[in-house]
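Data block below; observations after.
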Amino acid sequence: MVEQQEASEDAVMTRIGQTAMLLHAGDREEARSRFGALWEEIGARGDPGHRCLLAHYMADAQDDPRDELLWDLRALAAAEGAAGEAAAAGLDGFHPSLHLGLARDYAKLGRPEAARSHLRRARESCAVLVEDSYGHGVRAEIGRLEERLAGE
């Protein structure tokens, strides 16, 4: 039974990854459709790691910045709702990116103070990032958005 559940969870991660590839290839509409179906399948009480990653990608598939914000908030809620499970689910290292996404959303919506607040949280949580291309990319993006907001 445990093996079947683990295989099922791996299948969900595979489907999230495949849909993310579709999104990055430029098919936002199909990605939204598939992410939406996966979201319905996973449910509000599903695995926090699945919900977090799925909502984070779903945010990137949105055309309306308000919808993007809602999905990024869902991603953060899933990560924070996993609190004790966060380390086990691998979500601790995702917080800088989650807060960066929210900062971008708020900046797009003309809410610079909210954007700065999430940028501070992103910067404060960077200690969990590994010194690799992902970590360097997140730090660099935080810096770029900080500079942009400083000019406003």
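If you count, for each residue, the other Cβ atoms within 10 Å and average over each peptide, how do 22-32, 141-151, 98-108 line up from highest to lowest?
Packing order, densest peptide first, comes out as 98-108, 22-32, 141-151.
Counting every Cα pair in the chain, what percent are over 27 Å apart?
Tail of P(r) above 27 Å: 23 percent of Cα pairs.
Please work out the FRET efficiency for the pair ALA114 and ALA37, using the Cβ-Cβ distance as r and a Förster radius of 41 Å; give the result to the nearest 0.05. The partial results should precede the final answer.
Working: r = 31 Å, r/R0 = 0.75.
Using R0 = 41 Å, I get an efficiency of 0.85.
For MET13, MET58, what's the largest-to-smallest order of accessible area, 1.4 Å probe? Walk me through the numbers before you get to the answer.
Working: MET13 80, MET58 15 Å².
In descending accessible area the options line up as MET13, MET58.
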Averaged per residue, what accessible area in Å² does the range 103-150 show with a 1.4 Å probe, protein chains only? 59 Å²
Rounded to the nearest 10 degrees, the helix 65-81 long axis (Cα) sits at an angle to the longest Cα principal axis of the chain of 70 degrees
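The values are calculated or read from the model by the stated rules, or taken from the named source; none is laboratory data. Everything quoted here is computed from the prediction, not taken from an experiment. Methodologically, a virtual Cβ is constructed for each residue, glycine included, from the backbone with ideal geometry; neighbour enumeration extends over all protein chains shown. Keep in mind that these areas ignore ligands, DNA and RNA; they rest on the heavy atoms of the full protein, side chains included. Shrake-Rupley method; radii C 1.70, N 1.55, O 1.52, S 1.80 Å.
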